[in-house]
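Following: one structure in C-alpha cells, then a few remarks.
The values are calculated or read from the model by the stated rules, or taken from the named source; none is laboratory data. Predicted model only: the values in this text are computed from it and were never measured. Please note: Cβ atoms are built from the backbone with ideal geometry, for glycine as well, and neighbour counts cover all protein chains shown. These accessible areas exclude ligands, DNA and RNA; they are computed on the full protein's heavy atoms, side chains included. Shrake-Rupley method; radii C 1.70, N 1.55, O 1.52, S 1.80 Å.
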Amino acid sequence: MLYHLLLQTVKTQQSAGVSTGQPHLLMYHLYGSKDVEKVVNDLSQAASGGSLYIIADEVGSSYWLEFFCSKLLTQVPRLHLWAASCFHRDAPDGWQVEYLTRPLRSPPVVVREVEQYVSIRRERDVLPYSKRGVSDHTDGPPVRRLYHRGQGHSGDRPGKCVTCGREVASFLHSLRVGVTESGTATSATVTSSSGDTPPPCLQWKDVLVLYSNYVSDNSGLVEGLEQAGIPVRVMKDDDIEDVAKARSDVVWEASGHRVRGLERKVVVCLEDSKSYSANSDRLDLMSCCTSQLVIVSPEDDDDDDDDE
C-alpha cells in the first residue's frame, strides 16, 4: 500500500513537471537471516554511498529489525529509518519513540472490541487507546455476532463450517452489499437497526473475511458464501496488489497477518476459541474495520472470564 501511495505521488509530481525518482517495490521474507543478508546487500548497493531512506510499517517483532538495522548501519552510515509497530516494548534501545494512540480509523463500537485484547488489558505490551480528540458523530453500527453452534453446524471451527458461511452471507445480503436501490448488483446504502448509518454504496470489495489461521479455497465457509451467491476469493501471493488496491469487486478471505494495516468498511472476524490467539485477533483483525464488524465465534459465551 505504501508503494502504491508513493507511486501516485510521483506520478502527480511528474505531471506537474517536477523531476522525481521512482519507488521500487522489493519483496523479502525478513524473518530469516539469509534474506536479511540479501536485503542488506541489495539496499547498500542501491544507496551507492549516499543516503538511504526506509519505512518499515507493521513491524511484528523487534528481533529482525535490530539485526537488520545493525548490519545495514555498518554499510550505509547515512541511514534514515522509520518503523511502526503496535508493540511499544519492541523498540530497540536508543531509538527515538513516539506513541500514537488516538483511534482514528474505527468507530467507538469497534474500538471497544479491540480494547478487550488481552495485551491491552493485562500484559500492557500494547498501549491502551487515548481519547480520540474529536467528537464522534455516531457510535457506529452495532457489532453483529454469529455463533458456530447448533443444528447444521459442522467442523471444529467457523472457517470449516458451510452453515457459518451461509449465515455470514445472509447478513451481508441484509446489508444489501452489492445492490443499488434500483436492484442492480453493484452497491447499496446500509442502515443499522439503531439508526447508525455506515458509509453508503457498499461493494463486495468493501468486505474482508479474516481468519487467524490458514484458509483454503475449499473451506466450508467459502462454500457457504458461494452457495449464497457471494463473489468470494481466497487471497494468494499473486493477489497482494489486487487486495491492497481493492481492484476486484469481490469479498476477499485471508489470513489476518497478511493484510495488517489495510482497512475495509465491513470486516468479518472468524474466532478460533476463547484462547490467547483468539484475543490477539481483536488487535490484528478487528482493528481493520472502519464501520461494520461481524464476529463469528465458536461459543455463545461472550464474556472474557478466561482472560481475567
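Numbers at a glance
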| read-out | value |
| --- | --- |
| Of all residues making up segment 92-101, the number that are surrounded by 12 or more Cβ atoms within 10 Å (Cβ to Cβ) and either touching a Gly at 6+ places or on another chain (Cβ under 6 Å) or more than 15 Å from Ile55 (Cα to Cα) (or both) | 2 |
| Residue list for segment 106-131, restricted to those being modelled with pLDDT under 85, assigned to a loop (DSSP other than H, G, I, E, B) and closer than 25 Å to Lys265 by Cβ | Gln116, Tyr117 |
| Residues of segment 1-50 satisfying the condition of being farther than 25 Å from Val259 by Cβ and part of a loop (DSSP other than H, G, I, E, B) | Ala16, Gly17, Val18, Ser19, Thr20, Gly21, Gln22, Ser48, Gly49, Gly50 |
| Residue in segment 102-116 that is surrounded by the most Cβ atoms within 10 Å (Cβ to Cβ), counting only those that are charged (D, E, K, R) and touching a helix residue (DSSP H, G or I) at 6+ places or on another chain (Cβ under 9 Å) | Glu113 |
| Any hit, segment 172-180, residues being in contact with a helix residue (DSSP H, G or I) (Cβ under 9 Å, 6 or more places away or on another chain) and at pLDDT 90 or above | yes |
| Candidate set: segment 56-85, residues that are under 22 Å from Val126 (Cα atoms) and open to solvent by 60 Å² or more (accessible area, probe 1.4 Å); chosen: the one modelled with the highest pLDDT | Trp82 |
| Leu2 vs. criteria open to solvent by 60 Å² or more (accessible area, probe 1.4 Å), among the hydrophobic types (A, V, I, L, M, F, W, C), modelled with pLDDT of 85 or more and closer than 24 Å to Val243 by Cβ | no |
